[in-house]
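The structure appears below as structure tokens.
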Amino acid sequence: MAVREILHMGHPLLRRQARPLTDAERASPELRTLVADMEDTLEAAGGVGLAAPQIGESIRLAIIRIPGGGSRYGELETVPLTVYLNPEIEVLEPETRGFWEGCLSIPGLRGWVERPQAVRVRWLDLEGGTHEARHDGFLATVFQHEFDHLDGRLYPDRMTDLTRLVFESELDRHLADTGEI
Ligand code: NI
């Protein structure tokens, strides 16, 4: 188990289309080690999600963990630490809502991104079981953000107004009182 280096925006691997995992890879001890490393890395970095390309592995794998409860994004549903292999995401409703997104590969910055707020997610677990879940609101945003990493996309690609790409420190200083965060 190890905390791995997180690649930052500008590293070409973050822009690559990640490849699906084969059944043999899914069942391998190497993959379990990689998942454990991702868990350690996410824990150390303090984010809600991490995709394998962010630690240099161009495969379709992400982990998400949402503590739940009150947050700057409102009252959140808890998502226990979950491993998503070869995930697929489907937008259920086109209406969008914006959030100030951050990314461990873009440290210190936040950007206002509007995304659909209802998605269905399908994925495999480490044992090969299939799962499906619906997520709404901020959680729908989180899943779209994480799975975008598997297609070589970062949140600034989804922004429509780059004046709303800001340093987190300034966001806290200037926008916290406006009700915008
Ligand atoms: Ni990210």
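Bear in mind that the values in this text are calculations on the coordinates, not laboratory data. Quick caveat: nothing in here was measured; it's all calculated off a predicted structure. Here Cβ is always computed from backbone atoms with ideal geometry, including for glycine, and neighbour counts include all displayed protein chains.
Structure notes:
- Cα-based convex hull volume of the chain per residue, rounded to whole Å³: 115
- Test item: Cα-centred dipole of the stretch 1-54, Lys/Arg +1 and Asp/Glu -1 on Cβ, debye: 300
- For the peptides 106-117, 14-25, 80-91, residues were scored by their other Cβ atoms within 10 Å and the scores averaged per peptide; the highest-first order is 106-117, 80-91, 14-25.
- Most positive-pole-ward Cα, Ser169, Leu150, Gly137, against dipole of the chain from beta carbon charges: Leu150
- Among 69-76, 143-150, 155-162, the order from most to least packed when residues are scored by Cβ within 10 Å on average: 143-150, 155-162, 69-76
- The value of relative contact order for the stretch 1-130, using C-alpha pairs under 8 Å at least six residues apart, is 23 percent.
- The calculated FRET efficiency for the pair Arg72 and His131, based on their C-beta separation and a Förster distance of 35 Å, comes to about 0.80.
- Calculated FRET efficiency for the pair Thr82/Asp40, C-beta based, R₀ 25 Å, to 0.05: 0.95
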